[in-house]
Amino acid sequence: MTKKIILLPLFFLTLTYASAESYDDTSPALRPTLNDKSILNEDSNHSVSESKILMYNSLYLTGYERDEVEEFRKLFKRPTYNALLRDSLEEAMELRLYVRKALVNAGLPPELEYLPVVESYYKTKAKSRSGALGLWQFMANSVKPFLELNDFVDERLDPWKETEAAIQKLSDNYRMFHDWLLAIAAYNCGAGTMQRALNKAEVKNFWYLCEKELLPKQTRDYVPKLLAIADLTINSEYYQMDIPFHQEEYETLYNEANGIFDYVTVNKPYSIKQLAREMRLDTDTMLYLNPSFIEGYTHPTKESVIRLPKGTLESAQAALEKIEPLEIPFKYKVVKGDTLWGISRKYKVSVKSICELNNIKENAVLSIGKILYIPPK
């Protein structure tokens, strides 16, 4: 049976604004409400036509009338960028709908559906020059406490888990700054950078920080780019752009698009491909559902949760009883107080076998941070 979720199109939303001072952080919904006039920034001298006001009522965030946003609208109206925007959304349609569902469930602004376009063009394996990875482009030094990252697991490659992490991080930013544009900008530049900028600012809003150049250039462009993409996409008919919203598909979400799976937990290294073959499932499907296991198998010593197609839990449990866990050497990073004898006891292997595998002597002094390969039992 498919799970049906009904969501009114965005242009039916009627919202009433609550200021930062009156907003209750204890509320389960992070989305305060809007009125018709809140699309106009208090510090803005820009004017908006009546038709634009009606159109902006379908949106949650503010600032769409600003020149900075208009520049990015012009850019993405160009044929090349128009095609890039459409293709990135269409090729990742199921993930896009999952992100939409997750945002609705968390009570976050619907325009955040288009933040992965700004971050990665909805590419789950996208990697920036600075090392940010995945759909939502988490840096290695910013994954904690949201995601797991080690020699065997990188949850930044898992679009479902990374979406949950991004929502949590954005929600935390909003609780900190009480303003969605500041929260979104802080997602790009970091909460620390944002707080330092606000400490220097006489006016505590995003556009003032931009005008005074208190934020990095990348961050000053980040929010206008998101607003432009969201406006063009949500109001694609108005702008005569062929970008489907997929409301009908959203109302009948299922399985991957809806984030509905079965899960099985293991504590040893199991090959994802071998498990798929034993279950008589397509190996590519299983790898697609479990992209965070970067070596193709679960963690050798820690608990791992394998994502399964809905309805296959019993098959997976039966398969795991038949197949043997892998016998592989795995990496261990030496911490303060470690000795070869202690490590050998922990993993129930001999000191000699550890030394042979790592080409070290049995009386070797271990330096903190050194990587040791631990042989199978």
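The values are calculated or read from the model by the stated rules, or taken from the named source; none is laboratory data. Bear in mind that the values here come from a model prediction, so they are computed numbers and not experimental data. Positions of Cβ are backbone-derived with ideal geometry, glycine not excepted, and every protein chain shown enters the neighbour counts. For the accessible areas, the whole protein counts, side chains as well, though only heavy atoms, and no ligand, DNA or RNA atoms are used. Shrake-Rupley method; radii C 1.70, N 1.55, O 1.52, S 1.80 Å.
Quick notes on this structure:
- Given (1) in contact (Cβ under 8 Å) with a residue 24 or more places away in the chain; (2) more than 11 Å from the chain's Cα centre (by Cα); (3) open to solvent by 50 Å² or more (accessible area, probe 1.4 Å), index of the condition residue 161 fails: (2)
- Among (1) open to solvent by 60 Å² or more (accessible area, probe 1.4 Å); (2) at pLDDT 95 or above; (3) closer than 28 Å to residue 158 by Cα, the one test that residue 213 misses: (3)
- Search result, residues across region 316-345 that are basic (Lys, Arg) and touching a residue at least 40 places away in the same chain (Cβ under 8 Å): 322, 331
- Residue check for residue 265: surrounded by fewer than 20 Cβ atoms within 10 Å (Cβ to Cβ), more than 24 Å from residue 86 (Cβ to Cβ) and in contact with a strand residue (DSSP E or B) (Cβ under 7 Å, 6 or more places away or on another chain): yes
- If you go through region 295-309 and pick out every residue that is in contact with a Leu (Cβ under 7 Å, 6 or more places away or on another chain) and open to solvent by 60 Å² or more (accessible area, probe 1.4 Å), you end up with 0.
- Qualifying residue in region 341-350 (condition: of a type outside the set (Asp, Glu), open to solvent by less than 80 Å² (accessible area, probe 1.4 Å), in a loop (DSSP other than H, G, I, E, B) and closer than 23 Å to residue 155 by Cα): no
- Near pairs, Cβ below 7 angstrom, 6+ apart or cross-chain, from region 220-245 (closer than 19 Å to residue 186 by Cα and open to solvent by 10 Å² or more (accessible area, probe 1.4 Å)) to any residue that is at pLDDT 95 or above and not basic (Lys, Arg): 220/210; 222/118; 222/185; 222/188; 225/72; 225/118
- Given (1) modelled with pLDDT under 95; (2) open to solvent by less than 20 Å² (accessible area, probe 1.4 Å); (3) not acidic (Asp, Glu), number of the condition residue 142 does not satisfy: (2)
- Hits in region 77-124 (condition: outside any helix (DSSP H, G or I) and either in contact (Cβ under 8 Å) with a residue 60 or more places away in the chain or under 24 Å from residue 174 (Cβ atoms) (or both)): 107, 108, 109, 122, 124
- Contact annotation: residue pairs with Cβ atoms under 8 Å, 6 or more positions apart or on different chains, pairing a residue in region 300-315 that is more than 25 Å from residue 328 (Cα to Cα) with a partner that is among the β-branched types (Val, Ile, Thr) and surrounded by 13 or more Cβ atoms within 10 Å (Cβ to Cβ), are 309/285; 310/260; 313/264.
- Of the residues examined, residue 163 is one that is within 30 Å of residue 304 (Cα to Cα) and either part of a helix (DSSP H, G or I) or among the polar types (S, T, N, Q) (or both).
- Residue within region 45-64 that is assigned to a helix (DSSP H, G or I) and either at pLDDT 95 or above or at positive phi (or both) present: no
- Selection within region 351-369 - surrounded by 14 or more Cβ atoms within 10 Å (Cβ to Cβ) and closer than 22 Å to residue 150 by Cα: 354, 357, 358, 366
- Going through (1) touching a residue at least 24 places away in the same chain (Cβ under 8 Å); (2) closer than 30 Å to residue 301 by Cα one by one, residue 132 falls short only on (1).
- Every condition in (1) open to solvent by less than 50 Å² (accessible area, probe 1.4 Å); (2) aliphatic (A, V, I, L, M); (3) within 21 Å of the chain's Cα centre (by Cα) holds for residue 279 except the one numbered (3).
- Within region 128-154, being of a type outside the set (S, T, N, Q) and touching a Pro at 6+ places or on another chain (Cβ under 9 Å) holds for 134, 135, 136, 152, 154.
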